[in-house]
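Take a look at the structure below.
The values are calculated or read from the model by the stated rules, or taken from the named source; none is laboratory data. The model shown is predicted, which means the values in this text are computed figures rather than measured ones. A quick note on method: Cβ atoms are made from the backbone with ideal geometry, for glycine too, and the neighbour counts reach across all protein chains shown.
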Amino acid sequence: MSIGAPELLVDADVVDVVVPAVGDIAARSPLELFLRRFRQDRVAVISLGVIGLLILTAIFAPLIIKVVGAPGPNVQNESQPTMTAFGTPTGPSHNALWPFLVVLAGTLLAMLASTSPWARLHGRVPRTIFAVSVVIAIVLAIIFWPSAKHLFGVDSVGRDVFARVLYGARVSLFVAFVATGLSMIVGVTLGMVAGYFRGPVDMAISRVIDLLLAFPILLLALGLATACSLGHGCFGGLLKPGLVVVIFVIAFVNWTYIARIVRGQVLSLREKEFVEAARSLGASNSRIIFKEILPNLVAPIIVYATLIIPQNILFEAALSFLGAGIQPPTASWGSMLADATTSYNIAWWYMVFPGAALLITVLAFNLVGDGLQDALHPKSASN
Amino acid sequence: MTTYIIRRLLWVIALLFGVSLVTFVIFYLLPSANPALLRAGHQPTAALIKAITHQLGLDKPWYVQYLDYMKALVLHFNFGYSYQYQTPVKTMIFSRLPATISLALGAAVIWLVSGIIVGTISAIRPRSRFDRSMMGAALVAISAPPYWLGLVSLFLFSTSVGRFPILPGAGSYVPLTQNPVHWFTGLIMPWLVLAASFAAIYARLLRGNLMEVMSEDYIRTARAKGVPERRVILRHGIRSAITPLVSAAGVDIGVLLGGVILVEQVFTIPGIGGLAYQSILNGDLPMIQGTVLLGAFFIVVMNLIVDIGYAFIDPRVRYS
Amino acid sequence: MRSTIERTRMRRLWRYGLTVVVGVAALAIAGCGSSSSSSSGSGKMVKGGTATILWTAGGIDSLDPGYWYYQDDYSDIEQPTQRTLYSFTDTGTNPVPDMASALPVISNGGKTLTIHIRSGIHYSPPLQNKTVTSSDIKYAMERCFLASVGNGYAEAYYPKIIGAPAAPVTKLPNVTGLQTPNPTTLVINTSVPVGVLTDANALALPCTVPVPGYYAAKYDSGATSTYGEHQVFTGPYMIQGAGSGTVPSSGYSAGRIMVLVRNPSWQASTDPLNPAYFNKIEFKGEYDPTIASRETLSGSSMISGDFAAPPTSILQQGLTSSEKSQFHILPSGGNRYISLNTTIPPLNNLDVRKAISAVIDKNALRLTRGGPTLGTIATHYISPILAGFSQAGGDAGPGYNFDTNPNGDLALAEQYMKMAGYKTGKYTGPALLTIADNNAPASNTALAVESQLATLGFKLNFREVPHATVLSKFCLVPKAKVAICPTLGWGPDFFDSQSMLDPVFNGKNIVPVGNTNTSQANDPTINAAMNAAEELTNPTARADAWGKIDDEVTSQAFSIPWLWDNEISFASKNVHMTNWEFNGNAADLTTSYLTKS
């Protein structure tokens, strides 16, 4: 899991453990400090905003589609003019291209302007250029709105790509959040149990983790997903093909990493004085685990979660790309990319748009993750 | 030291046994296709399928089948016979291995070199324009799905269907022994696509480590002693900062050698990844076993090498 | 890439789902069975040269002649390297002698066939000193009953030969009905007259490729036969390097490469059917269909390979440019249909099936595969190049009102639903399990079917699964209780309609695994008619009988036929490509040649 977060791979001493020290003359609580540092990181804040926007888009997708006037994500229209006589799809309406081109041109112009020495004197110029281009784009969009029927074109059975990209956001975000949450619950629990109780329990759990980590992950996930995607699902129909299977599979291959990390943390934490103190006061095991150790795990857990969510978005997309993920006709960015592989040479739009959507989403999460890391561990500044 | 190595080796063997058992159970209990039907091919009668099932030993209980398989594997190095390709599994795997190795190792060279260079420069000049743009590009490279990058680059640069045809595209892999020049040009695009996200990760990793190391006391001492800056960076800085990279590289290469499914799919490179993927789709159990075991083998062995390397460097590890 | 690895399975049901067998008579001349086309390569004929074919879907199935059955097996290895007792000319619809020297002599009321075999035909090295004898053909046919060979049609066409085993066996059977009174005579005795044997159609299948028992027995004795890797060849070509007795990996590697060179033992004087112009034929595998198509069209000396059809983008680019002359669009003889499981309610109700048939927009389905180039809209099962086509109504079909509107008729469909008891004209009830192939374009066709059925209120439990699984785990397994299989198709084994209808609609063919009668049609009258028609030996009588059966089967709406497929093959500019109608109009490598302008 090397994605550039070395401090998480260190089993021993955790820097910056947020210890609720007694009698500390703290001007600000650690939480406030953390929030303050995070707020100062503008890129992270903007990314958080983008994520919020994505979540809203996903939730309100049907409404947006109705407002825009696009057909639903599964409405097939095999007649012309959306399809040619050979059944190949047609591209985005030309009018819809203008707003994007304008914004792109404005961004490039602004970037160019910001690098020139003249801009240093007139600091506002790049920002103004960008803002103006956005305004022009919005005006154009409003003017051309009624005729921009298929904003992103149609796919090979005539479905609107714009609608499917929006609905794909639902799938990606839902799967990523739920699967991550599930793997966290399982991983944290097992990691804590293994780290705290040690002995045979630890050995058993660690061996299982080692065994699972020896598998090539994508193959394991593919195998499970394919096997469970047939007919009535597996485990007696408990795991229905589609969303449920994908979530289960992603959670299944993910829990081992967080379990290992948590186990490492717990191993070192249980030797600390405050734990000894609690034990000597007669606290039960469960009390120690939940009241003393768990709060100190919150920081690495949160950081890990923000790193893992974008990985899981990509993972679900990869599974769908290989045909083992979300079942059609549900829209998923990965399966849209898979459809695009047969005709990307003439139909670039349903390769570009889902891919760009994936890129933006994952990038936003990665930036937020970076910002969180910096805010929690200011010494290991990565930005 | 020797006891440590032996202990780890035994554990590797135990792990591989475990992997084979779990794979067998998974694909036996949750089969995606009836192997006898695969072998039987076209319009088979029920009687033919029954006869083939018996002939291939598929009607025996699963643990018997597993033992038969392990016996053949351990005693005769026989991986079984593929129902899908009508060829021994071993032959198929070894004929596909060179392609995956070419892809994985070539990409590894590219990402290590570029990652180290970019990471070093960024660490030396933190928050400069180079640093910021490079780290920004790195984040983008990490966030883009590799198969999408592959598709976009094919769409733009592939000689057969691209808009600006400059590089051979999908399906242009030739083995090294057949034509080294074509082998090289055919792999440039896949290498770059595969190396992109890894280079980004390693650049960030090195940057972070190097910046931490450069703020250590002994660096300050070296500078105070008058050591030239370049030597400080190369001799003292990178040396300490690079260890996590090497271990990460070992692990990553191990994973890639087991098959780079996504990139191989997009560029139709005849490697292990595509073989494993097709065999999973077709429920070809012996081939699935073979490819998963191979992948696990590489992962575990590379981990072992990395761990032994660490044990050399840090004696404390041996006693854990 | 996942969605483009399709295999051309012309011959059988399940393969159809995969094959994007594109065929289209763009000239829309219905029932046009003529093959040969405007040759893509005009210029002087070149005797020699190397032809290259790119595989995108795994190439041939196996090296074993007893296993060959699919279009690729025929065009890529059977036709160039081996000879069968009887064969077909490029445009012929009746068997002509190949290894045999004349058509079979029928006696004993159609129950005895006497076949004379050409003498002096030598095997390829290492058996270059041995000639083909009748006992070799007997051995070849007997080994087709071995479980270790895995042949799939011996049970269908040879069971009535006296002494033929009723089920596959593990030891070589002695089929007493196959007699070899002398090395150049083979006598076949059957218990009842068998039409497909007397007209020699079933003797054109690869089970009659000679296999010398004294050489092959040791390879046939294991759990899986390895004869294929050690086979001897009788055709104009052989696998490079196989003269040592073992096929080397440089000559054949499954799915990746196959190289055919001239067979030194082959003599043109004994083989009037195969001129064999090329000196060498190379097959290279693991290609992406789009790339392979592009390279074949713009390259030289290349012929299209095993993919079902070029992707629609290539079709569009090719057919609207000067490359048009490089395409051959010919009927393949096969059909495509949507299978309805008549044992699952509400599909057991004839009116519901008629309603579904009425609502299907066949033109839209055809568009998902690439439009009119891909085939003619089907109104019954027998395809235009087979006998019995006109007897079943020809292009217009038998004329049932639920069958006649190619654009779908929602109003009529709702009427039928009301007759079935659904007051609103729309279906109300549980979702129906539907299994489709997850590869394009079959997946797109399935999606179109789903949306069309939704207009009638049908809710589908829609699953897309990998190709191998569609058939082996679902559609061919009655226990899986799949209601609708929308991506099925069927191809004829030879020019006889029995092979189009009997395996798919005869109640006696319903089996627990590998069930080709996916709709589980079991109408006693139709069954009896089919069993009687199997024994007819007069060709006209057969055509009439099977045409009538086609009509009746269509009237029951067991399934919904929607396309008579076209095969789309293409080649580089300097190739004069010919097509073999018997093999679904795939390219014929023994009669095509290179040209020099």
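Applying the selection to the stretch B:228-278, what residues are among the β-branched types (Val, Ile, Thr) and facing chain A (nearest Cβ under 10 Å)?
B:Val251, B:Val255, B:Val260, B:Ile261, B:Val266, B:Ile272
Quick one: how many residues across the stretch C:239-266 are in contact (Cβ under 8 Å) with a residue 60 or more places away in the chain and more than 14 Å from chain B (Cβ to nearest Cβ)?
Of the residues in the stretch C:239-266, 10 are in contact (Cβ under 8 Å) with a residue 60 or more places away in the chain and more than 14 Å from chain B (Cβ to nearest Cβ).
Which residue, of A:Ala364, A:Ala338, A:Ala356, is surrounded by fewer than 22 Cβ atoms within 10 Å (Cβ to Cβ) and assigned to a helix (DSSP H, G or I)?
A:Ala356
Among the candidates A:Pro117, A:Pro146, A:Pro81, A:Pro99, which residue alone is under 29 Å from the mean Cα position of the chain (by Cα) and at pLDDT below 75?
A:Pro99
I'm trying to understand the selection: among the residues of the stretch C:162-173, which are crowded, with 18+ Cβ neighbours inside 10 Å, closer than 16 Å to C:Val194 by Cβ and within 9 Å of chain B (Cβ to nearest Cβ)?
Matches in the stretch C:162-173: none.
Of everything in the stretch C:498-511, what is closer than 15 Å to C:Tyr337 by Cβ and not in a helix (DSSP H, G or I)? Give them in sequence order.
Passing the criteria: none in range.
Which count do you get for residues in the stretch C:504-527 that are among the small types (Gly, Ala, Ser), surrounded by fewer than 23 Cβ atoms within 10 Å (Cβ to Cβ) and within 10 Å of another protein chain (Cβ to nearest Cβ)?
0
Can you tell me how many residues in the stretch B:123-145 are under 19 Å from A:Leu359 (Cβ atoms), in a loop (DSSP other than H, G, I, E, B) and of a type outside the set (A, V, I, L, M, F, W, C)?
Adding up the residues that qualify gives 1.
Only one of (1) under 16 Å from the mean Cα position of the chain (by Cα); (2) closer than 20 Å to B:Ile101 by Cβ; (3) β-branched (Val, Ile, Thr) is not met by B:Ile201, so which one is it?
For B:Ile201, the failing item is (2).
Considering only the stretch B:169-227, state which residues are within 14 Å of chain A (Cβ to nearest Cβ), assigned to a loop (DSSP other than H, G, I, E, B), surrounded by 15 or more Cβ atoms within 10 Å (Cβ to Cβ) and without any contact (Cβ under 8 Å) to a residue 40 or more places away in the chain.
none
Within the stretch B:243-320, considering only helices (runs of 4 or more DSSP H) that don't extend past its boundaries, which have at least 3 residues that are modelled with pLDDT under 85 and surrounded by fewer than 24 Cβ atoms within 10 Å (Cβ to Cβ)?
Ranges flagged: B:243-257, B:285-313.
For B:Trp148, are the conditions met, namely being surrounded by 15 or more Cβ atoms within 10 Å (Cβ to Cβ), at pLDDT 85 or above, assigned to a helix (DSSP H, G or I) and away from chain C (no Cβ under 14 Å)?
Against the criterion (surrounded by 15 or more Cβ atoms within 10 Å (Cβ to Cβ), at pLDDT 85 or above, assigned to a helix (DSSP H, G or I) and away from chain C (no Cβ under 14 Å)), B:Trp148 does not qualify.
Here are C:Asn349, C:Asn363, C:Asn341, C:Asn335: which of them is under 30 Å from C:Ala420 (Cβ atoms) and under 22 Å from the mean Cα position of the chain (by Cα)?
C:Asn335
Output the number of residues of the stretch C:314-337 satisfying the condition of being at the interface with chain A (Cβ under 9 Å from one of its Cβ atoms) and surrounded by fewer than 24 Cβ atoms within 10 Å (Cβ to Cβ).
4
What pairs come out if I take residues in the stretch C:372-388 that are not assigned by TED's automatic domain parsing to the domain that holds C:Lys362 and pair them with residues that are surrounded by 24 or more Cβ atoms within 10 Å (Cβ to Cβ) and assigned to a loop (DSSP other than H, G, I, E, B) whose C-beta lies under 7 Å away, six or more apart or interchain?
Filtered contacts from the stretch C:372-388: no entries.
Sort through A:Gly4, A:Gly49, A:Gly69 and tell me the only one that's more than 18 Å from A:Tyr304 (Cβ to Cβ) and modelled with pLDDT under 80.
Only one candidate passes the filter, namely A:Gly69.
Of the conditions (1) in contact with a Ser or Thr (Cβ under 6 Å, 6 or more places away or on another chain); (2) assigned to a loop (DSSP other than H, G, I, E, B); (3) surrounded by 24 or more Cβ atoms within 10 Å (Cβ to Cβ), C:Thr342 clears all except one; give me its number.
Result: C:Thr342 passes all but (3).
Which is under 24 Å from the mean Cα position of the chain (by Cα), more than 14 Å from chain B (Cβ to nearest Cβ) and surrounded by 24 or more Cβ atoms within 10 Å (Cβ to Cβ), of A:Ser172, A:Ser183, A:Ser156, A:Ser229?
Of the residues listed, the single one that is under 24 Å from the mean Cα position of the chain (by Cα), more than 14 Å from chain B (Cβ to nearest Cβ) and surrounded by 24 or more Cβ atoms within 10 Å (Cβ to Cβ) is A:Ser183.
If B:Lys90 meets every condition in (1) within 23 Å of the chain's Cα centre (by Cα); (2) charged (D, E, K, R); (3) farther than 17 Å from B:Tyr277 by Cα apart from one, which number is that one?
Every listed condition holds for B:Lys90 apart from (3).
Would you tally the residues in the stretch C:454-492 being part of a helix (DSSP H, G or I) and within 14 Å of chain B (Cβ to nearest Cβ)?
12
Per-residue answers, yes or no, for (1) within 30 Å of C:Thr234 (Cα to Cα); (2) of a type in the set (Val, Ile, Thr); (3) within 18 Å of the chain's Cα centre (by Cα):
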residue: C:Glu552; (1), (2), (3): no, no, no
residue: C:Ser555; (1), (2), (3): no, no, no
residue: C:Trp564; (1), (2), (3): no, no, yes
residue: C:Glu567; (1), (2), (3): yes, no, yes
residue: C:Ser572; (1), (2), (3): yes, no, no
residue: C:His576; (1), (2), (3): yes, no, no
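From the list C:Pro159, C:Pro181, exactly one residue is out of contact with any helix residue (DSSP H, G or I) (no Cβ under 9 Å at 6 or more places or on another chain), surrounded by fewer than 19 Cβ atoms within 10 Å (Cβ to Cβ) and farther than 29 Å from C:Tyr252 by Cα. Which is it?
Exactly one of C:Pro159, C:Pro181 is out of contact with any helix residue (DSSP H, G or I) (no Cβ under 9 Å at 6 or more places or on another chain), surrounded by fewer than 19 Cβ atoms within 10 Å (Cβ to Cβ) and farther than 29 Å from C:Tyr252 by Cα, namely C:Pro159.
Could you grab me the full set of residues in the stretch B:102-138 that are surrounded by fewer than 16 Cβ atoms within 10 Å (Cβ to Cβ) and under 30 Å from B:Val74 (Cα atoms)?
Selection gives B:Leu105 alone.
Can you tell me which residue among C:Ala436, C:Ala413 is surrounded by 19 or more Cβ atoms within 10 Å (Cβ to Cβ), closer than 30 Å to A:Pro241 by Cα, among the small types (Gly, Ala, Ser) and in contact (Cβ under 8 Å) with a residue 40 or more places away in the chain?
Within the list C:Ala436, C:Ala413, the selection yields C:Ala436.
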